[in-house]
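The structure under discussion appears below in the form of structure tokens.
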Amino acid sequence: MHRRTLTAATTLAIVLGSVALSTTPASADTSRPIAVSDADDTVVDGLHQQLYFSDRYQNRIVVTDYTGKVTATLTDLPQVRDLELSPDSGTLYAAIQGADKIVAFDTATLARSAEYATGEKTAPSRLAYAEGKLWFGYGDQWDSGLGVVDLTAQSPTVTLDLAAGHDFATPPELYADPDNPGTLLALDSGISSGPIIVYDVSTGTPAIRVSANKGGFYNDAALTPDGQNVVVAGPGNRALTEYRLSDLEQVRTYPVASEPETVSIAEDGTVAATVLDTDNLGDTYVFGNDPARPPSIRNLSSNWMPWFGHSMNWSHDGTQLFVLTGSNESTQFHAVDAPRKYVTTLTVDAPATATRAKSLTVKGSLTSGLALPAGTPLAVTRTDMESPNGKSLGTRPLGSGGSFSFTDIPPAGGTVKYTVTYAGDASHTAVTASDTVAVSRATSSLTLNNNGKLYAYGADVAFTARLGTTYTNRSVEIWADPAGADKPKKLVKTGKVNSSGNLSVTLDMSRDTTLTAVFKGDARYAPKSVTATAYAKVKVSTTLSKHYKTGKIGNTTYQYFHKNTDVICTTTMSYYKGRKQRVQLQVYSGGKWYDTASEYFALGTNGKSVVNLGHAGQSGIRARVRSSYIDSSSGDTVNSTTHGAWKYFYFSN
């Protein structure tokens, strides 16, 4: 039912078509989600390099390539169950349990080519091709039976009730192989006694050749390449069991860590199985022909879920193993490359920190299900700032018990990575692992001038970074971050310092600005950065209008206003969104100036603010006014506090 053997004719067809097939080689160790909710059966079509998955709960057959990429979906197949490929790989048969029929598809076009009604309420669910006939298991529980579609007849006929006296507890799981002609194997998997029945179908009418109760609700089974033996995966034990069909005697067991779920056998006799891996120790086993060697074990899924149906198969040439894990919306397709090889696990442990130019020790282990001998060569590479593409340190031998260690003197500081690679061999997979160590570096001096200095608005200021001793890197970056969210930090200068270690840049100081000098380090000196903040005033001026003359009182120039004339004060200031200027008014009395008013007024987008200061209403009054930008209080923090010049005025008659 589940093992799909290529006939000589099909094999020849593949050889003749190898030029075309080689244009789409199978990808190594792929894993991808696949839209299959429950794979009741899986068939590999080596001629067309595709797989068929019967998705019973979604009433369809999903077709993929060897990487699991869906290429087609065959729909309207109610409760599709078992699949069977004809010996020439030209036809795919599907048992449609929910429609009481078997449907045939042309594998070249995937079009339906035939349908065979099996009878009302027969619910066919199991298939096997033997002697030009399509045998099927049908029914439900104790109403189950064995039937056949005679494909050799001019008009294919369906015959039921061919169990030859055996009373099936469930529809029999069927297996046949052209290398053992005239033989049909049936497993009565729905009863605890687990009957296995071997039929002689050479005459067209089944006759029981041998039967035995083997005790188990079988999850899956597969015939050996010669069709002479069967390997069953049954619950309640920790092994698969191989029986000889001639007398149903046990010939070998395949020990596993938990209940076996599915089984598939390659053309060279290699047995693969999946298990109910509740402890997450490994879910996929591959057994070689030598019983003395342990199985190769892989852990394809860390999320435990029971398998449903036959969800694992070898590729037609036996070089890959196709496995489905999970179920429903989380089903994953795995194409395992070189499945016969033992998976190797490599660990590398370097110290967390180390001193440059001092010896350090790197340790690790290389383990596998089939132990590797001491002396196995491991390639070592060091990657650091001096060798960013990696520098080979040669090979180091594997020690006893799978452990290894080696010493090295790192010439460069910073993050140093040690990579260890095992190249693999005929029995083991290749593997690479690495670990990093923080190697110390010296600290160079780096300074930046003008920190804390205040400059007039628009002043051109030279900022100089000075770099001390380094190894190879003499470059410095200078970044400027003007105050205000509208001006992002930007790189204003980068380059090598001069012979004095200096790199300078000139900035127009229109805002408070934080500068950062950055040395990115080199193999022997650590990165370093320093900052300096320089401050910029605003540009502010104040004018008064409506005066009738100017004149001096003492040494101070005053603007004269009539006592009933309003003083118009116009302020011009560097604009910033939301900015306000402060007007401060003072009056002179008794030899001192006294504050009489202080108020903030918004600037227009042209940077101007016009304020009517009013009039005195009497003569002899001396006053003065100034406009100021007050950091924070003026609505922003882009510039430093700046006071404009006082403007003096006098009221007369």
Could you check the simple spin-label distance between Ala371 and His547, using points 7 Å along Cα→Cβ, in nm with one decimal?
10.4 nm
As I understand it, the dipole of the chain uses +1 on the Cβ of Lys and Arg and -1 on the Cβ of Asp and Glu, about the Cα centre. Which of His310, Thr531, Gly282 lies farthest toward its positive end?
Thr531
Report, ordered by chain and residue number, the lysines lying within cross-link reach of Lys417, taken as a straight Cα distance under 16 Å and ignoring same-chain residues fewer than 8 apart.
Lys358, Lys363, Lys391
When averaged across all projection directions, what area in nm² does the alpha-carbon convex hull of region 446-536 cover?
5.6 nm²
Lys/Arg Cβ at +1, Asp/Glu Cβ at -1, dipole of the chain taken about the Cα centre: which of Gln320, Pro411, Tyr93 is farthest positive-ward?
Pro411
Computed, not fitted: 222 nm per-residue ellipticity of the chain from DSSP H runs ≥ 4 (each -39500 (n - 2.57)), nearest 500, equal to -500 deg cm²/dmol
Kirkwood Rh in Å, taken over all unlike Cα pairs in region 356-423:
12.8 Å
Treating only the Cβ atoms of Lys and Arg (+1) and Asp and Glu (-1) as charged, compute the dipole magnitude of region 356-423 about its Cα centre; round to the nearest 20 debye.
100 debye
Placing +1 at every Lys and Arg Cβ and -1 at every Asp and Glu Cβ, with all other atoms neutral, what dipole size does region 446-536 have around its Cα centre, in debye to the nearest 20?
320 debye
Using the eigenvalues of the Cα gyration tensor, what equivalent ellipsoid semi-axes result for the chain when each is taken as the square root of five times the eigenvalue, whole Å, largest first?
89, 36, 19
Quickly rank 497-505, 240-248 as a protection proxy: mean count of other C-beta atoms within 10 Å, highest first.
240-248, 497-505
Where the only charges are on Cβ atoms (+1 Lys, Arg; -1 Asp, Glu), what is the dipole of the chain about its Cα centre, to the nearest 20 debye?
8100 debye
Straight-line reach check, Lys453, cutoff 18 Å on alpha carbons, 8 or more apart in-chain or any other chain, hits among lysines -> Lys537, Lys539
For Lys528, the aspartates and glutamates lying under 13 Å Cα to Cα, once residues fewer than eight places off in the same chain are dropped, come out as Glu477
What does the charge add up to near Tyr629, with Lys and Arg as +1, Asp and Glu as -1, over the other residues with Cβ less than 10 Å from its Cβ?
+3
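Taken together, the values in this text are just the output of simple stated rules run on the coordinates, not laboratory data. Because the structure is a prediction, the values reported are computed rather than measured. Here Cβ is always computed from backbone atoms with ideal geometry, including for glycine, and neighbour counts include all displayed protein chains.
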